[in-house]
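Peer 1: Please find one structure pasted underneath; my questions will follow.
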Amino acid sequence: MDAGLFAGAVADLDVSAEQIGAAIFGKWLLAFEVTSLLLLGAILGAVILTKRRLT
Amino acid sequence: VSAFADLVGALPLAALTVPLEWVIGLGLALFCVGLLGVACRRNILIMLLSVEIMLNAANVVLVGFSRLHGDLSGQVFVFFSMTVAAAEVAVGLAIVIALYRLRRSADADDAADLRDVDYGPMPHLKLEGEPAAHHDDDHGHDDDAAEPEVAVAGGTQ
């Protein structure tokens, strides 16, 4: 693959899991917490929707 | 084949240099597969699965462009996207289960009429103590004769 459209522009990003964890629990902590609320809402919605005796 | 061998031989083994065209091509192929699955299949479960394939195509492209820009935020966003996909498939499967209990079918064409089709009174709304006796047929032999016997013909018309 030589001289593609984006070739050569790919940064040499050496990402470790530690960096990703630091990014999630540092910069994106609020989004992480909101994600927990979203999962809670999804669980509640799934349980309510699949309850047999609904009405 | 020789170009591929050269590419494999030239791998730095620390940072795999996959060109971005491959990433975009993979994302495009996955998205097309998902779109075909949603458009052509009528099974609701397969349609949900195809939606997940499209979401994963977006994830692949996100990771590719995250590497392109040397930014970590794309990969973090992929984690959040996976979480949203999990929530979405949980609610989607719950809707499929509720729809299957209502229509006795997992086909999308049987759920085409969301207006109130007169299926009559709900035949099997037993309370929790009783065993659900709606395996074989929807006859729902009720004890009180005032309620009309309803045979839900599966589907439309």
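The values are calculated or read from the model by the stated rules, or taken from the named source; none is laboratory data. Predicted, not measured: the structure shown is a model, and the values here were computed from it. Here Cβ is always computed from backbone atoms with ideal geometry, including for glycine, and neighbour counts include all displayed protein chains. With ligands, DNA and RNA removed, areas are computed over all heavy atoms of the protein, side chains included. Shrake-Rupley method; radii C 1.70, N 1.55, O 1.52, S 1.80 Å.
Peer 1: I'd like the Karplus ³J(HN,Hα) series for segment A:31-47: coefficients 6.51, -1.76, 1.60, θ = phi - 60°, whole numbers in Hz, and an x wherever there's a Gly or Pro.
Peer 2: 5, 5, 5, 5, 5, 5, 5, 5, 5, 4, x, 5, 5, 5, x, 5, 5
Peer 1: Between B:H69 and B:C32, what is the spin-label point distance in nm, taking each point 7 Å from the Cα along the Cα→C-beta axis?
Peer 2: 2.7 nm
Peer 1: Modelled label-to-label distance, B:A112 and B:Y100, 7 Å Cα→beta-carbon offset: nm?
Peer 2: 2.2 nm
Peer 1: Solvent-accessible area of B:D6, probe 1.4 Å, all protein chains present, reported in Å² to the nearest ten, please.
Peer 2: Accessible area of B:D6: about 110 Å².
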